[in-house]
Amino acid sequence: MQQLRTRATPKAYNPGLLPALRFEPVIHLINGDIVNLIAETPKRYEERASFGTTGLIAERISPALWLAHQVEAAARLAHEEVATARPIIVAAPIAAMMHPDTPMACDAAAARSHICPQEICIEVEDASLAQSRTDISNSIKALRSKGFRVGINATKSWCTPMDTGLRLMLDSARIDAKELWTSDDLAGRVEAAVACGMAIIAENVNYRDGEDLAEFGIELGLRPRTDA
């Protein structure tokens, strides 16, 4: 794995009209290895709007196609940067998660960019999963049937029901480490998720917290801070 020593300014990849992608590395808090990559854009899908002659109008790209472009852009940027850490985490709006064309569109995007679907983790906001349990399960199963991993971003909330069935379908969860020290509920959810094999990525974390977080089963951090 790549060792975290110095960090160059990341490149950006911009396919056409979509906002440029940049990678943020997910770091192993004990040994400093780059383990995963998070593909970040300056705008979310819901924020993509423009003004026309009749006022505010939404962009005409479907959420399934938007997410497919994100997958393809992330794969091509990884190739350009020779970035080998996997999986690459790509944020998805709930509209894309629930769209029936999303699995096929993302699978085609992965094929075009010569990346295996298993190398991509589709991440949705925790609050987005407050939908019908059956609909959510079917959407996750459809993506996983194509080989994609699925994760949740629980940095703002973690309301997703963590029964065993759903935990086994999710690969990762992103949390705010500041909340971990004060919330028994979050600590319990993390413990249950780790027991089912989910990877937990901590934000707002210091390198010095690595050993304490390891007691919860948390080994990964996004933008960990040094003590200096």
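The values are calculated or read from the model by the stated rules, or taken from the named source; none is laboratory data. Since this is a predicted model, take the numbers as computed values, not measurements. Cβ coordinates were reconstructed from backbone atoms using ideal geometry, including for glycine residues, and neighbour counts include every protein chain displayed. All accessible areas refer to the heavy atoms of the entire protein, side chains included, with ligands and DNA or RNA removed. Shrake-Rupley method; radii C 1.70, N 1.55, O 1.52, S 1.80 Å.
Key figures for this structure:
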{"read-out": "Filtered residues of the range 209-228 (kept if touching a residue at least 24 places away in the same chain (Cβ under 8 Å), among the aliphatic types (A, V, I, L, M) and not in a helix (DSSP H, G or I))", "value": "218, 220, 222"}
{"read-out": "All positions within the range 78-94 that are in a helix (DSSP H, G or I) and either within 17 Å of residue 43 (Cβ to Cβ) or open to solvent by less than 20 Å² (accessible area, probe 1.4 Å) (or both)", "value": "78, 94"}
{"read-out": "Odd one out for residue 127 among (1) open to solvent by 10 Å² or more (accessible area, probe 1.4 Å); (2) closer than 20 Å to residue 62 by Cα", "value": "(2)"}
{"read-out": "Residues satisfying the stated conditions in the range 148-169, i.e. open to solvent by less than 60 Å² (accessible area, probe 1.4 Å) and touching a residue at least 40 places away in the same chain (Cβ under 8 Å)", "value": "148, 151, 153, 155"}
{"read-out": "Candidates 172, 139, 145 - the one that is surrounded by fewer than 13 Cβ atoms within 10 Å (Cβ to Cβ) and in contact (Cβ under 8 Å) with a residue 40 or more places away in the chain", "value": "145"}
{"read-out": "Residue that is modelled with the highest pLDDT, among those in the range 50-77 that are more than 24 Å from residue 140 (Cβ to Cβ) and open to solvent by less than 50 Å² (accessible area, probe 1.4 Å)", "value": "77"}
{"read-out": "Those helices (runs of 4 or more DSSP H) lying entirely in the range 98-167 with at least 1 residues under 22 Å from residue 179 (Cβ atoms)", "value": "164-167"}
{"read-out": "Identity of the residue in the range 178-208, in a strand (DSSP E or B) and among the aliphatic types (A, V, I, L, M), that ends up farthest from residue 156 (Cα to Cα)", "value": "199"}
{"read-out": "Which numbered condition residue 174 fails, given (1) more than 19 Å from the chain's Cα centre (by Cα); (2) part of a strand (DSSP E or B)", "value": "(1)"}
